[in-house]
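The values are calculated or read from the model by the stated rules, or taken from the named source; none is laboratory data. Note that the coordinates shown come from a computational prediction; the quantities given were computed from them, not determined experimentally. Here the Cβ is made from the backbone with ideal geometry for all residues, glycine too, and neighbour counts use every protein chain on show. The accessibility values were calculated without ligands, DNA or RNA, using every heavy atom of the protein model including side chains. Shrake-Rupley method; radii C 1.70, N 1.55, O 1.52, S 1.80 Å.
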Amino acid sequence: MNSIFRGNRRSVLFISDFILWNLSFYISFSVNKNTFFLRGYENIFFTGLIAANICFSVVFVLFRLYDKLWRYADIEDFFYALIASLTANLAFMSCTMTASIWYADINLGSRVYITYAMMSTLLVMMFRIIYRLNKILERRNLAGKASKRLLIVGAGETAFSVLTELSKAAWNEYIPVCLVDDDKDKLNRRIAGIKVAGTTNDIPRLCYENDIEAILFTISQISVADKKRILDICADTQCEVKIIPNMYNLVTSGGASITSSMRQVEVEDLLGREPVVFDTEKYGKYIIGQTVLVTGGGGSIGSELCRQIARLNPKHLIILDIYENNAYDIQQELIRKHGKDLSFEVQIASVRDKKKLEHIFKNKNIDVVFHAAAHKHVPLMENNPEEAVKNNVFGTLKLAEVADKYRVKNFVQISTDKAVNPTNIMGASKRICEMIIQMMGRRSKYTNFVAVRFGNVLGSNGSVIPLFKEQIRSGGPVTVTHPDIIRYFMTIPEAVSLVLTAGSLAKGGEIFILDMGEPVKIRVLAENLIRLSGLKPDEDIKIEYTGLRPGEKLYEELLLNEEGITKTDNKKIYIGKPIEFDNDMFLKNLSRLYIAAHRNQADRVEQLIADTVPTFHHARNN
């Protein structure tokens, strides 16, 4: 039956209306004429009936009432149907009263017109309302059997849109139970039939009392601190927690439904500090109209650099990467987003290949270099110290020398907090890179060499957060190296904002450092991610402590003891005071290190790294 109705929906709806019009007319006429058998009124009755059917049919078709899906109807649709019915009655009355001027027996009388208008409108509206309510009940019965009971945080426009969309869906994963909002004026009121039952502080109680299984966060205009406070409350409920993205971004992204855009809580939501945003107008002018090279342009940081640089109207963008798959991905993304508006190219090459670098720089007239190419995985570099040196140290040295030779204006080196008092090969190799930048900054007459130092980047390839998410999806265990290990965190866009800003502030030899807020315990992050997935740490998902990896610290630092910091005009960015070292001795150590690395003498490489970086204390087994 349902399939027959779906296939002939317009016909069935028209026939239903046709029956209601005729029934209304018969009742209105017979009651007012005091005859149910129409004796003596046959001609006027059937004439009026035909006129009514013609008027109602024409008006309802013109109002396109049969093009609507009434199972999804809202108040606007019902108001539209009401206007259509009243218009049809007005048309019917006008036609018959006009005709009665010439044919007196067509005059039905005012009582018939009034009764018919009331009854026909009532029945037409009631039919649609009952049909709509029946569909809602069907969906609720279906949803109640399998859906999760949902609490919504926020009682604003986004919450209303979510509730409306959930009510229209034939089946959905959630059934809304209540809302919370910190606006006291909204308490105990209803939105789309759902009660605002308390404030955000009432979330744990409401979840307990109403057997809530999922929480949806719908507030977009909120401070980061308040957002973290509310999400921390949600985490204590052990309900699954999801977030609706900013409504403006959702609308402008085009097409996606609100409920399909729900996402899991990310670590960025839990950092509790305002994101660092690149001030394009103030700091981006040095990119406009310039030829820019990004090494490691297909990686996490490199690809985001390419995205943000592309929006700054460079003259030409060169993406250099040895890994063709990553380079291809960012190439296709930039083509989709910018088309012919962006002049760019991809070079598949290694920063170790000085001849290829010479060829590129000689022919491209490069103005700005962002050096993001590096081996960065701590455990892998522990087992391959010679490769860390070949790529990180001498790739940087070769690139810097070529950039200086061809008079590049700005050279920005991507560094890491692991370069501070390094305990592993990767961190020590990046500290040597910083020393190369300082040396080149002192020597160069044409190029401003700077390094940018920041902590762990959320979502980058190989970072801990994607690993945690995958482990949670797989049912655990979630592996943490040590219960007390802490790290500084930032997002990829924040890291790139710092890099771009540093390029504009460069005077030569600086190490720029971001104010990253308070460090975060990795164990706490893991526990929160588990809770916000609706699971219990160490019950549903086990947390296993695997021990610190070779070369890994309990905590990272952003400054060496000898370094002081100087403020810049950007409140989130500082300059580390360069540590003086002997250039000649440094170059001799580099020469020895080059020979040992290319002879693959791992032990010799490690000893020479220690000679070159006085603050390096290798932690082999933690």
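Brief remarks on what is shown
- Rounded accessible area per residue of the chain, 1.4 Å, Å²: 48 Å²
- Angle between the chain longest axis and helix 300-310 axis [Cα atoms, degrees, rounded to 10]: 70 degrees
- Mean ellipticity per residue at 222 nm, deg cm²/dmol - from DSSP H runs of n ≥ 4 across the chain, formula -39500 (n - 2.57): -15500 deg cm²/dmol
- Beyond 48 Å, the tail of the calculated P(r) for the chain holds 38 percent of the Cα pairs.
- Segment 296-353 and segment 382-404: distance between their alpha carbon centers, rounded to Å: 21 Å
- Global form of segment 149-250, assessed from the alpha-carbon gyration tensor, a/c cut-off 1.5: rounded
- Computed over protein heavy atoms with a 1.4 angstrom probe, the accessible surface ordering of K356, K285, largest first, is K285, K356.
- Looking at the chain alone, DSSP beta bridges between its own residues are antiparallel in about 20 percent of cases.
- Heavy atoms of T164: accessible area, 1.4 Å probe, square angstrom to 10: 40 Å²
- Segment 309-362: C-alpha gyration tensor shape, a/c 1.5 cut-off, then a/b vs b/c: oblate
- Relative to the dominant Cα principal axis of the chain, helix 224-237 is inclined by about 70°.
- The listed residues K195, K567, K430, K398, once ranked by accessible area (1.4 Å probe) with the largest placed first, stand as K567, K195, K398, K430.
- Both radii were evaluated on the Cα set of segment 381-476; the Rg over Rh quotient, with Rh as the Kirkwood radius, amounts to 1.10.
- When L90, L500 are compared by accessible area of protein heavy atoms, the largest-first order is L90, L500, using a 1.4 Å probe.
- Peptides ranked, highest mean first, by Cβ atoms within 10 Å: ranges 374-383, 182-191: 374-383, 182-191
- Prolate/oblate/rounded call for segment 506-547, Cα gyration tensor, a/c under 1.5 rounded: prolate
- Checked against a 29 Å cut-off, the cross-linked pairs K398/K577; K227/K577; K148/K469; K228/K285 give Cα-Cα distances beyond that limit for K227/K577; K228/K285.
- Computed with a 1.4 Å probe over protein heavy atoms only, the accessible area of D211 comes to about 100 Å².
- Solvent accessible area, Å² - M93, 1.4 Å probe, full protein context: 60 Å²
- Folded to 0 to 90 degrees: helix 394-405 orientation relative to the chain principal axis, Cα: 90 degrees
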